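The values are calculated or read from the model by the stated rules, or taken from the named source; none is laboratory data. Computed from a predicted structure; not experimentally measured. Heads up, the Cβs are rebuilt from the backbone with ideal geometry, glycines too, and the neighbour counts pull from every protein chain shown. These area figures cover heavy atoms from the full protein model, side chains too; ligands, DNA and RNA do not enter into them. Shrake-Rupley method; radii C 1.70, N 1.55, O 1.52, S 1.80 Å.
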Amino acid sequence: MIEVLRLLHEMEHGSPRYSATYYVRSLDKYEPIPQFGHGIPDSPLSQKDWIWVAYSSLDDSPLAILVAAPMQQLAILVRAYGIPSAPKSIWLGLLRKSLADIYSRGYTKYVTMLSLERPEEAKLARLVIRAGGSKVSDCSLFMGDTSVSNRL
């Protein structure tokens with residue numbers, strides 16, 4: 001079964017999702033992250049195959065990016081960015097392609113954190129709901145440094 005999932009992933013990884021104005025694909029393992037204003041650093045620690053980029057069909061310029069990460073038994077959609085001139089349909093294309101790839105890797109659930117007070121994120125929340133997702137809870141996200149030995 002694992003071999004079948006691996007084979008499906010390899011087949012899916014090589015096939016972008018096309019639209020009339022853009023196409024979406026995940027990055028290759030050693031491919032640099034295209035820099036176009038999103039502020040995501042190109043680090044050797046990045047899991048490039050968990051990053052999807054939408055490119056213009058006309059000139060192959062990057063239009064939008066979605067970054068995800070594997071967690072225990074689910075995938076987390078971490079960050080999304082698009083240039084202002086990107087078509088609005090790009091978000092649906094990014095979500096469909098990334099979720100199809102994530103599913104082919106054996107993950108059956110995903111999670112993302114959105115603030116309904118921010119208009120852009122509220123629009124993405126409606127897209128997630130339209131795709132069959134649901135709001136789980138109101139929560140706050142906390143972040144801290146991993147070097148806590150002198151503070152705990």
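List of remarks:
- Farthest toward positive dipole pole in the chain [+1 Lys/Arg, -1 Asp/Glu at C-beta], among Ser137, Trp52, Ser85: Ser137
- Helices of the chain meeting both criteria, an alpha-carbon length of 15 angstrom or more along the long axis and an average Kyte-Doolittle score not below 0.0, with helices taken as full DSSP H segments, are 2-13, 90-104.
- Lysine pair count for the chain with Cα-Cα distance under 18 Å and sequence separation of 8 or more or different chains is 8.
- Under the Karplus curve 6.51 cos²θ - 1.76 cosθ + 1.60, θ = phi - 60°, whole-Hz ³J(HN,Hα) for segment 57-67, x wherever Gly or Pro sits: 5, 6, 10, 6, 7, x, 10, 7, 9, 10, 10
- Residue by residue, segment 40-55 carries 3J(HN,Hα) couplings of 7, x, 8, 9, x, 7, 5, 8, 4, 6, 9, 10, 10, 10, 9, 10 Hz when phi is fed to the Karplus relation 6.51 cos²θ - 1.76 cosθ + 1.60 (θ = phi - 60°); x denotes Gly or Pro.
- Those chymotrypsin sites (Phe, Trp or Tyr not before Pro) in segment 106-152 that DSSP places in a loop and that have at most 10 other beta carbons within 10 Å: Phe142
- Annotation: per residue accessible area for segment 17-109 equals 55 Å², rounded to a whole number [probe 1.4 Å, protein chains only].
- Structure-derived mean projected area of the Cα convex hull in nm² - corresponding label in [x] 11.4; [y] 12.2; [z] 10.7: [x]
- Neighbour-limited loop hits for GluC sites (Glu not before Pro), segment 94-152 (at most 10 other Cβ within 10 Å; DSSP other than H, G, I, E, B): Glu117
- Note on the chain: GNM, Cα springs under 10 Å; of Leu95, Leu114, Leu141, the largest mean-square fluctuation is that of Leu141.
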